[in-house]
Amino acid sequence: MTTEINKSQITTIITNFSSLNSSYKYKKKTGFWIFTKPAGFYWDYFREFITTEEELVKSGNYYVKDNKVYYNPHLTIKLTDGQIRTLWFKTEQEMLDYKEQLKEGNHFIEEPSNNS
């Protein structure tokens, strides 16, 4: 499904470059016998097993480098009707290119395909 943004309704655009998500901590497999905890990424607050690297990357919002979780680059777009749209990108250049398209003369712009 393609979603469009009416550019005349945009009030604010916040540019979010790749940044560390410090809520996830990588933990190696711990314990022994039936009391083991698997290796993976744990939510820092509870230290419970949350996900694997593959699941984090599949979400489209994160990438993993050196066992640290980072947010993918994204734009936060606020609209006059109170909606907030967060558009995720694989690279900072893709994000900046999309932001440049917002300056063009047409009134509507499609959201990137990886934001469905």
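The values are calculated or read from the model by the stated rules, or taken from the named source; none is laboratory data. The structure presented is a predicted model; accordingly, all values stated were derived computationally and were not measured.
Scanning the range 40-83 for residues that are modelled with pLDDT of 70 or more and in a loop (DSSP other than H, G, I, E, B) yields T52, S59, G60, N61, D66, N67, N72, P73, T80, D81, G82, Q83.
In the same structural domain as L102 (by TED's automatic domain parsing) and either modelled with pLDDT under 85 or in a strand (DSSP E or B) (or both): is that true of I14 in this structure? Yes.
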